[in-house]
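The values are calculated or read from the model by the stated rules, or taken from the named source; none is laboratory data. All values derive from a computational prediction rather than experimental measurement. Here Cβ is always computed from backbone atoms with ideal geometry, including for glycine, and neighbour counts include all displayed protein chains. All accessible areas refer to the heavy atoms of the entire protein, side chains included, with ligands and DNA or RNA removed. Shrake-Rupley method; radii C 1.70, N 1.55, O 1.52, S 1.80 Å.
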Amino acid sequence: MILRDKVAVVTGAARGIGFALCEELARAGMKVAMADVDAEALASAVEMVGMDDLLPLTCDVTKQSEVRELAEEVEAKHGPIAVWINNAGLARHRWIPDYTEEEIDLMLDVNLKGTILGSQEALRRMLTRKSGHIVNVISTASLRGIPSETVYCAAKWGVRGFTQGLQEEAAAHGVRVTAVLPGGVDTAFWDGASDRKAPVEKFLTPRHVADAILKVLEMDDWCVTRELVLRSMADSDFSVKPQ
């Protein structure tokens with residue numbers, strides 16, 4: 001797929017993987033709509049990328065009306081959306097009895113509902129053109145249950161199941177859907193997520209994930225990477241204890 005001059009939407013664009021994605025897509029010549037709920041952080045991110053064809057837009061991905069307005073404004077200003085990346089996400093790591101109802105609602109709304117709403121809006125537009133690519137950034141937490149990450153796992157398992165159904169519905173209309181499952185990534189995602197210090201020195205960097213997604217987007221339209229799992233070789237599951 002030739003990416004130059006095509007339009008991409010990235011949610012959760014102000015930090016971490018989303019920010020790295022926007023940099024990579026802009027360097028590839030795409031017109032990038034950077035969407036985030038934090039207007040101040042978004043403005044700072046646009047300044048740091050410092051490239052043309054960036055469109056910063058505030059959006060709460062848990063609200064259907066705001067997601068729809070996001071899509072409408074992007075297409076009005078930049079043209080048809082070719083790539084939509086559902087990247088916005090958050091976590092709170094607690095033992096099960098310690099979660100508040102507000103934390104549970106927030107994780108399910110942002111991670112699961114936000115991905116569904118973004119995919120809906122992207123697919124509605126892509127179906128009419130019979131082309132496009134939706135990328136859902138999920139997590140390896142969708143592959144196994146993890147103590148103290150139970151609600152996060154529940155949300156991400158839901159996103160992975162939703163994405164598999166979306167892949168089947170979209171493929172019949174020429175729209176590609178890719179699930180990207182990173183392991184631990186060294187981002188601000190971990191700030192306030194847990195009382196314990198995350199071993200970020202063993203994690204991937206946002207650039208690793210962004211580079212992998214860019215390669216997936218550049219593949220020929222005839223094929224699709226349905227699921228991509230990325231892990232640091234230093235992550236605990238890959239550690240080999242000396243004999």
Computed helical MRE - 222 nm, the chain, DSSP H runs ≥ 4 contributing -39500 (n - 2.57), nearest 500: -12500 deg cm²/dmol
Accessible-area composition of the chain, carbon plus sulfur, in percent [1.4 Å probe]: 54
Packing rank of 215-223, 129-137, where each peptide gets the mean count of other beta carbons within 10 Å, highest leading: 129-137, 215-223
Principal-axis tilt of helix 150-171 within the chain, Cα atoms, nearest 10 degrees: 30
Computed over the chain: relative contact order in percent, which uses C-alpha pairs under 8 Å that are six or more apart: 20
Between segment 61-135 and segment 29-45, the alpha-carbon center distance in angstrom: 15
Potential extension, Met48-Glu101 segment - 0.36 nm per residue separation minus Cα distance: 15.5 nm
Residue-normalised accessible area of the chain, given per residue in Å² at a 1.4 Å probe: 49
Share antiparallel - DSSP beta bridges, the chain, percent rounded to 5: 0
Rounded to 10°, Cα long-axis angle of helix 39-49 versus longest principal axis of the chain: 70
Solvent accessible area, Å² - Glu169, 1.4 Å probe, full protein context: 130
Given Lys63/Lys202; Lys31/Lys63; Lys6/Lys202, the pairs whose alpha carbons are separated by over 32 Å: Lys63/Lys202; Lys6/Lys202
Cα-based reach from Lys77 at 18 Å (exclusive), listing aspartates and glutamates while leaving out same-chain residues under 8 positions away: Asp5, Asp36, Asp52, Asp53, Glu66, Glu69, Glu121
